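In what follows, a single structure is set out as structure tokens and then discussed.
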Amino acid sequence: SVQRTLSIIKPDAVAKNVIGQILARFEQAGLKVIAARMMQLSREDAGRFYAVHKERPFFKDLVDFMVSGPVMVQVLEGENAIQKNRDLMGATDPKKADKGTIRADFAESIDANAVHGSDAPETAATEIAFFFPEMNIHSR
Ligand code: CMP
């Protein structure tokens, strides 16, 4: 069925100037960008967005990294969008990501891993609402 998913192009990929190359992969896979914003996250934003990871040992590094530069945040829509985006991204750790995936091609480390994507329909809904009011989502 047609789904929406939240995608973030992280500070490492923005700094590498590959926003366009990453968005092109989404488009080539049949996903449509129906909302987008470029922004500098505050520590509070990053901590709230990743609240589920608060007790994990990597939480502080994760927040430090996500506020290290601007990010590009978008909503992708399409058939099976959540899994499709995860397949395009590849494994969280770029060393384990399949050849030809975004993380294999553009990411350096498990922290600087180029992109984030929602992992399930419930988290997609929460994550989309975190960044975008419905009136700024343009589905046609
Ligand atoms: P992301 O999909 O944005 O969700 C949480 C992020 O934490 C993850 O990508 C990684 O960049 C980062 N991270 C760092 N260490 C780990 C780890 N051991 N397991 C999962 N995520 C990690």
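The values are calculated or read from the model by the stated rules, or taken from the named source; none is laboratory data. All values reported here derive from a predicted model rather than from experimental measurement. Cβ placement follows ideal geometry from the backbone for every residue including glycine, while neighbour counts extend to all protein chains displayed. These area figures cover heavy atoms from the full protein model, side chains too; ligands, DNA and RNA do not enter into them. Shrake-Rupley method; radii C 1.70, N 1.55, O 1.52, S 1.80 Å.
If you check every pair at least six apart or on different chains, which have Cβ atoms under 9 Å apart with a residue in the stretch 102-117 that is within 7 Å of the ligand (Cβ to nearest atom) first and a residue that is of a type in the set (Ser, Thr, Tyr) and open to solvent by 40 Å² or more (accessible area, probe 1.4 Å) second? Correct list of pairs: Ile110/Thr92; Asn113/Thr92. Report yes if some residue within the stretch 57-66 is β-branched (Val, Ile, Thr), closer than 23 Å to Met38 by Cβ and in contact (Cβ under 8 Å) with a residue 40 or more places away in the chain; otherwise report no. So far as the stretch 57-66 goes, no, none of its residues is β-branched (Val, Ile, Thr), closer than 23 Å to Met38 by Cβ and in contact (Cβ under 8 Å) with a residue 40 or more places away in the chain. Residues in the stretch 52-74 that are within 16 Å of the chain's Cα centre (by Cα) and outside any loop (DSSP other than H, G, I, E, B): Val52, His53, Leu62, Val63, Phe65, Met66, Val71, Met72, Val73, Gln74. Return the pairs, sorted by first residue and then second, in which the second residue is among the charged types (D, E, K, R) and surrounded by 20 or more Cβ atoms within 10 Å (Cβ to Cβ), the first residue lies in the stretch 86-101 and is free of Cβ contacts under 8 Å to residues at least 60 places away in the same chain and assigned to a helix (DSSP H, G or I), the beta carbons are less than 9 Å apart, and the residues are 6+ apart or on different chains. If the second residue must be among the charged types (D, E, K, R) and surrounded by 20 or more Cβ atoms within 10 Å (Cβ to Cβ), the pairs left are Met89/Arg103; Pro94/Arg103; Lys96/Arg103.
Residues that are open to solvent by 90 Å² or more (accessible area, probe 1.4 Å), modelled with pLDDT of 95 or more and part of a loop (DSSP other than H, G, I, E, B) within the stretch 109-140 comprise Ile110, Asp119, His138, listed in sequence order.
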